[in-house]
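Trainee: Got a structure for you, questions after.
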Amino acid sequence: MNITTPPKKELMNRSLSTITINIGKSKINDNVIDEIKRQLKENEVVKLRFSKGISAEKQNYITEIIEKSNSKLIDFRGNVAVIFKQRRGK
């Protein structure tokens, strides 16, 4: 089975109406990762918004999130990242 990622433009359009998960002072913990996984399973596309206070560490956080959620980074601008994970069976 060959699974392909939808075009970036389509995913970015879908991200406009998707849930946004805010990541702030409490940083990345198991609860945040579990919520991201749950939202990816339900919606395939999730928008992550990082607080300005952790801007120096956001690249490390996005790398950790992608690895732990087994997702792909679609876009990363300023303090907002959009990630995607294909649903199984699609």
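Residue by residue, here is whether (1) surrounded by 13 or more Cβ atoms within 10 Å (Cβ to Cβ); (2) part of a loop (DSSP other than H, G, I, E, B); (3) at pLDDT 90 or above holds:
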site: Leu11; (1), (2), (3): yes, no, no
site: Thr18; (1), (2), (3): yes, yes, no
site: Ile28; (1), (2), (3): yes, yes, no
site: Asn31; (1), (2), (3): no, no, yes
site: Lys37; (1), (2), (3): yes, no, yes
site: Leu40; (1), (2), (3): yes, no, yes
site: Asn60; (1), (2), (3): no, no, yes
site: Thr63; (1), (2), (3): no, no, yes
site: Ile83; (1), (2), (3): yes, no, yes
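Trainee: Restricting to the stretch 42-58, and then to whatever is within 26 Å of Arg88 (Cβ to Cβ) and of a type in the set (D, E, K, R), can you tell me which residue is surrounded by the fewest Cβ atoms within 10 Å (Cβ to Cβ)?
Mentor: So, considering only residues that are within 26 Å of Arg88 (Cβ to Cβ) and of a type in the set (D, E, K, R), the one surrounded by the fewest Cβ atoms within 10 Å (Cβ to Cβ) is Glu42.
Trainee: Further question: Can you tell me how many residues in the stretch 65-75 are without any contact (Cβ under 8 Å) to a residue 24 or more places away in the chain and either touching a helix residue (DSSP H, G or I) at 6+ places or on another chain (Cβ under 8 Å) or part of a helix (DSSP H, G or I) (or both)?
Mentor: 3
The values are calculated or read from the model by the stated rules, or taken from the named source; none is laboratory data. In this text the structure is predicted, and so the values were computed from the model without any measurement. Cβ sites come from the backbone with ideal geometry, for glycine too, and all protein chains shown count toward neighbours.
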